[in-house]
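Asks: One structure, pasted below without further comment.
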């Protein structure tokens, strides 16, 4: 039986991203965002230990699986969840404005 990585077949070398910068570019996000996702949201990143700082790497299939699971969690739900106020209004809204929008089922909402 071939070795697996989180239930996926062992990735080949072309599917390995070798740095935060490569991981961010693959996910179309900046380094700061992907580091935060790793710390707060379980982005699957591996570390290779060294004497000073460990190097990081990630596998594309694991990132794709993680992103797919996140997209399912954030699927649009009418009238519930978070409103992307910056996209709609070009500014952050006050809590009372968000409550009014939610009460009237206005805007694009995510659970």
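Asks: Quote the convex hull volume per residue of the range 4-73, based on C-alpha atoms, as a whole number of Å³.
Replies: Here the figure is 96 Å³ per residue.
Asks: Considering only C-alpha atoms, what is the centroid distance from the range 48-70 to the range 16-41, in Å?
Replies: Taking the Cα centre of each part, the range 48-70 and the range 16-41 sit 8 Å apart.
Just so you know, all these numbers are worked out from the coordinates, no wet-lab data involved. The shown structure was predicted, so the numbers you read here are calculated from the model rather than taken from an experiment.
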